[in-house]
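Following: one structure in structure tokens, then a few remarks.
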Amino acid sequence: MLRLICITALAVGCATAETSIPKDAVEVESGVYKYTDSTGKTYTYKKSPFGVVKSLDKPAAQTAESTPAKPATPSKAAAPTATPFGDVKAPATPQAVKVSDRGDVLEFERPSPFGSYKWKRKKTELTASEREEWERSQKHSDGASGTKE
């Protein structure tokens, strides 16, 4: 019984020890603060719905020899997209969508981790991405067939 009381008291004590933003911290962005302590370490404090999150900043000073050479102009596919959950990288290669023309209806097929994903759509009800895939498949089939004159 005594163990249970001690463990409960310890758990309650840890739960109430919240991280707070120091008074000397500098606001960098809305809800983001930077603070350098007496040892010289820089911390970032971010306000979240669950409280304040504290993280240690990595030193940004790196020599040119230690970093690999980067291309002068990054490709559009390599540019990360900002989301509320962080930056998301685009897939290295665009997903190959197979389009089959069945008269008034187009059949789409895309590979997925759980097998191929198939769907049908009327030509009059296509979304913008489906229309792009259809046009891409038409160009590909025209180029592969090689029209003879």
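Please specify each residue of region 35-45 satisfying the condition of being on the phi < 0 side of the Ramachandran plot and either among the polar types (S, T, N, Q) or loosely packed, with under 15 Cβ neighbours inside 10 Å (or both).
Passing the criteria: Thr36, Asp37, Ser38, Thr39, Lys41, Thr42, Thr44.
Starting from region 23-48, keep only residues that are outside any strand (DSSP E or B), then list their pairs with residues that are exposed (fewer than 13 other Cβ atoms within 10 Å of the Cβ) whose Cβ atoms are within a distance under 7 Å, requiring at least 6 positions of separation or different chains.
Close Cβ pairs satisfying both conditions: Lys41/Leu56.
If you take the residues in region 50-66 that are in a loop (DSSP other than H, G, I, E, B) and modelled with pLDDT of 80 or more, which one is nearest to Ser38 (Cα to Cα)?
In this case the residue turns out to be Asp57.
The values are calculated or read from the model by the stated rules, or taken from the named source; none is laboratory data. Predicted, not measured: the structure shown is a model, and the values here were computed from it. Note: ideal-geometry Cβ built from the backbone for every residue, glycine included; neighbour counts use all protein chains shown.
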